[in-house]
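What follows is one structure encoded as structure tokens, with my remarks underneath.
Bear in mind these aren't lab numbers, they're just calculated from the coordinates by the rules spelled out. Note that the structure is a prediction, hence the values are computed from the model and not measured. Here the Cβ is made from the backbone with ideal geometry for all residues, glycine too, and neighbour counts use every protein chain on show.
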Amino acid sequence: MNLKTRTFYPPHQSLCQQKITFASFVPFALKLPPMAQAQKKRTVIARSDSDEAIQREKTGLPRRSVAPPRNDASVLSRVERPADLKTLSDTDLHTLAQELRRATIEAVSQTGGHLGAGLGVVELTLAIHTVFNTPEDRLIWDVGHQCYPHKIITGRKDRIHTLRQSGGLSGFTKRAESAYDPFGAGHSSTSISAGLGMSVASDLSGDNKNVIAVIGDGAMSAGMAFEAMNNAGTHKNRLIVILNDNEMSIAPPVGAMSHHLTKLVSSKTYIGAREAGKKLMNVMPAPLRHAAKRAEESARTHLGSGSLFEEMGFYYIGPVDGHDLDQLLPILRNVRDSHHNGPILIHALTQKGKGYHPAENAVDKMHGVKKFNVITGEQVKSDARAPSHTSVFAKQLIKCAENDDKITAITAAMPDGTGLDKFAARFPERTFDVGIAEQHAVTFAAGLAAEGYKPFVAIYSTFLQRAYDQVIHDVAIQNLPVRFMIDRAGLVGADGATHAGSFDIAYLGCIPNMTLMAASDAADLKKMVTFAANYDDGPLALRYPRGEALEAIAEDDNPVELGKGRIVYASPVIATPDLIRGKQSIAILSYGTRLQECLKAAKQLEEKGQTVTVADARFAKPLDTDLIQSLATNHHTLITIEEGSRGGFGSMVLEYIHNDSNIQHSNIPIIQTLHLPDTFQDHNDPTKQYEEAGLTAQHILRHCEE
Ligand SMILES: Cc1ncc(C[n+]2csc(CCOP(=O)(O)OP(=O)(O)O)c2C)c(N)n1
Ligand SMILES: [Mg+2]
């Protein structure tokens, strides 16, 4: 098949819509490839299983575990670990691919999580584990969001329904979870670097491991991937990179790398196992090998068909049909057995969401999903009663941009997650999706700011970590007014430690020139976005968490003022023994959305006869020193609370009181700083995460009683 057709679909018209004509369509969401009889049988089974699931749903019966019973006739029931794959026939492997796909769909339908990416690598997963000797050979999944099929066949089948649940499997690869996860991930584009490190380690210790890194086309566009290839291309170490090219990131991919891949693919047909074998030079005697190599290189130069990967020193094999086990298996065997010294790149074409109609047809290929109905693909409705912080931010930015044509918005491959898809719909020419390139996003914004524009970099707290030097060197030192809109600031629930936005207060708070703000509710978030639009004196970061925003915690018609917090609640003055001694009992100073918990705690403290003042700091930098001075001198206890790591807001308050204020030592209150624990918190239900972190009203109460 000539792959040219692949390139001409408009971004939102899915590839699968074209392919549907030659795939045997069954009136069931799980698509059946036109292959073995045995698989047709499987579909029937699948349908009746799902009917049963519906019945169970209707009748309120609990769903069955997704792990097939041990003694059933499925191939999957015979596979616990990759070693079991080696005993299977080719037909069994084909059948297993369908079963694995189904097990993945069923698991994610119950847990939510990443779906489309995993479905796209089912055959790759099986082929790699069949051909290579994992876990001794190292298999690294970039990002790790596509690893659910890998988890199912690497000893975690029975626990796959616990994905992302409390105490259950992580939604990404994790070293602590399995020997088959030799390198953990969550953030993108790390696999080639880590793989090269492992390959060099293997050479140093002389143990001849294979190292295989699987990286998506989206992740391949990031700076880290280029840095790693640049380095790998000069090494003589064996490193196998499998580029999983599904023409999708979370959103349609952007940038020149994506165009390059398209061009690379459009002029070629799929490479078959024989050609791939021929390409690998080890099959030739040395003199012939050199001659052939020279001829091939010269042909490539003349025909202009050399890929960027070849230019960077990789041995390029492809494109390969990433769903065709009959091609994948021999090609991987050839690669495994070749003596090629240096990095090899296998360019596999796959389809995100492959084999599941609702995913294939979804604009985002069901990249990340809530729980869903397997038959219809319909996801459970969110039970949110209020708009998310993300959407409050996006709407307000649009409002500001209506009157200010200097406002621009930048995202690093997360238009939906950051709400900038809405901004882009209104102001396409002022929205910039730069791809998975956080470092570039920040310096690009600095360039815009240097020319008098008002760039808003909408970014998750966890991903801004990658652009730390750019924040300091390109933005802060030059005091450029880049506005960082820091989404998912705080705990993130099921995504776990790799995605938690724990550190931004600490890592930004220590940078000179930086202004730091946190919104406590929707009303304040809107005011703060407007404040940011009007603030031109230097860089500014506004943080807000995942999830829905409460409309207005406290009545407040005043605009936000630089470095000024607000008193949100103060106990009515009553003649308590404390007051007689000239002080009230407790001041709680909140930075961000924990304010709500502070108010709950205040109520309960009052019921116990304490007098309480609750304040919203609004700014961590500059601190509202007047407010802090007054809270510290007028209360016996001062509690600070924030959804961020140690070394953040609480530390700044402590330092101010102890180092910079002129409060008498004897007059300093008892100070407790409540922040995230000094551990990486695992994925969990958000409510439980707050419990674990000690950031609830009950914890505030406990601290007051100490
Ligand atoms: C540094 C970083 N930025 C952003 C993300 C969010 N993210 C997760 S997956 C993904 C898309 C990856 O696309 P690709 O590598 O092509 O994998 P696919 O989902 O298509 O299989 C993005 C942007 C991330 N994980 N890490
Ligand atoms: Mg992709």
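When the range 187-214 is limited to residues that are more than 8 Å from ligand 1 (Cβ to nearest atom), touching a residue at least 24 places away in the same chain (Cβ under 8 Å) and in a loop (DSSP other than H, G, I, E, B), the one that is surrounded by the fewest Cβ atoms within 10 Å (Cβ to Cβ) turns out to be Lys209. The selection criterion, being assigned to a strand (DSSP E or B) and under 30 Å from Lys174 (Cα atoms), does not hold for Ile586.
Taking each residue of the range 546-570 that is at positive phi and looking for partners that are assigned to a loop (DSSP other than H, G, I, E, B) with beta-carbon atoms closer than 6 Å, six or more apart or interchain, yields Gly563/Pro622; Gly563/Asp624.
No other residue among Asp487, Asp504, Asp495 is within 20 Å of Arg164 (Cβ to Cβ), touching a strand residue (DSSP E or B) at 6+ places or on another chain (Cβ under 7 Å) and either of a type in the set (Asp, Glu) or buried (at least 24 other Cβ atoms within 10 Å of the Cβ) (or both) apart from Asp487. Residues that are more than 14 Å from ligand 2 (Cβ to nearest atom) and assigned to a strand (DSSP E or B) within the range 234-269 comprise Leu239, Ile240, Val241, Thr269, listed in sequence order.
Among the numbered conditions (1) outside any strand (DSSP E or B); (2) surrounded by fewer than 17 Cβ atoms within 10 Å (Cβ to Cβ), the only one that His636 does not meet is (1).
Per the conditions (1) among the aliphatic types (A, V, I, L, M); (2) assigned to a helix (DSSP H, G or I); (3) away from ligand 2 (no atom under 16 Å from the Cβ), the sole criterion not satisfied by Leu169 is (2). Look at (1) more than 21 Å from Lys174 (Cβ to Cβ); (2) in contact (Cβ under 8 Å) with a residue 12 or more places away in the chain; (3) more than 10 Å from ligand 1 (Cβ to nearest atom) and you find that Asp217 fails only one, number (3). The residues of the range 215-231 that are out of contact with any Gly (no Cβ under 8 Å at 6 or more places or on another chain) and within 10 Å of ligand 2 (Cβ to nearest atom), listed by number, are Ile215, Gly216, Asp217, Ala219, Met220.
Candidates Leu464, Leu480, Leu491: the one that is aliphatic (A, V, I, L, M), assigned to a loop (DSSP other than H, G, I, E, B) and within 19 Å of Thr515 (Cα to Cα) is Leu480.
Matching residues to (1) farther than 15 Å from Glu311 by Cα; (2) within 16 Å of ligand 1 (Cβ to nearest atom); (3) among the β-branched types (Val, Ile, Thr); (4) touching a residue at least 12 places away in the same chain (Cβ under 8 Å):
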{"position": "Ser221", "(1), (2), (3), (4)": "yes, yes, no, yes"}
{"position": "Ala232", "(1), (2), (3), (4)": "no, no, no, yes"}
{"position": "Leu239", "(1), (2), (3), (4)": "yes, no, no, yes"}
{"position": "Ala251", "(1), (2), (3), (4)": "yes, yes, no, yes"}
{"position": "Val254", "(1), (2), (3), (4)": "yes, yes, yes, yes"}
